[in-house]
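Below is one structure, written out as structure tokens; comments come after it.
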Amino acid sequence: MSERGSGFGAFLLGIAVGAVVGFLFAPEAGGDTRRKLSKRLRNLRDVAEEKVEEVRGLLEAEADEGDEDAEGEEEEGSTRERLERRLEAARRRRRRGTPEVEAEDEPLA
């Protein structure tokens, strides 16, 4: 049996035992705890929905902006194509083990 698999199982068992012990020794009644937990989960869901809508709005705005700049995009190539080229260049450098920078890479920050 490999050591990698046994560590993860022990981790999951520890999480389960900790949750059970935590609920057993909780200072409040189970009903109160469940109400608080469900309220927190609803709040978390609402925050997640807000973030999704925010990202969706940003993506739509970017798409609208991209439509307006379609002429310039044809000259430079799409953002996706540029990112794919950079990713492929990084993979080639990684395979070679050299940290050289190609001319099309832009500096970060």
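Spelling out what I want: for every residue of the stretch 14-19, take phi, set θ = phi - 60°, compute 6.51 cos²θ - 1.76 cosθ + 1.60 (Karplus), and round to whole Hz; glycine and proline get x.
Result, rounded to whole Hz: x, 5, 5, 5, x, 5.
Rounded to whole Hz and in sequence order, give me ³J(HN,Hα) for the stretch 42-54 from the Karplus expression 6.51 cos²θ - 1.76 cosθ + 1.60, θ = phi - 60°, writing x for Gly and Pro.
5, 4, 5, 4, 4, 5, 4, 4, 4, 5, 4, 5, 5
For the stretch 22-34, take each phi angle, set θ = phi - 60°, evaluate the Karplus expression 6.51 cos²θ - 1.76 cosθ + 1.60, and give the result in whole Hz per residue in order, putting x for glycine and proline.
Residue by residue, the stretch 22-34 yields x, 5, 5, 9, 5, x, 10, 5, x, x, 5, 5, 5 Hz.
Full extension from Ser78 to Val20: what is 0.36 nm times the residue separation minus their Cα-Cα distance, to one decimal in nm?
Taking 0.36 nm per residue and subtracting the Cα distance, the gain is 15.7 nm.
Go through the stretch 22-67 and name the GluC sites (Glu not before Pro) that are in a DSSP coil and have 14 or fewer other Cβ atoms within 10 Å of their Cβ.
Glu28
Laboratory data are not the source of any read-out in this text; all were calculated from the coordinates shown. Keep in mind it's a predicted model, so treat the numbers as computed, not measured. When we count neighbours, we look across all protein chains shown, and the Cβ atoms used for this are built from the backbone with ideal geometry, even at glycine.
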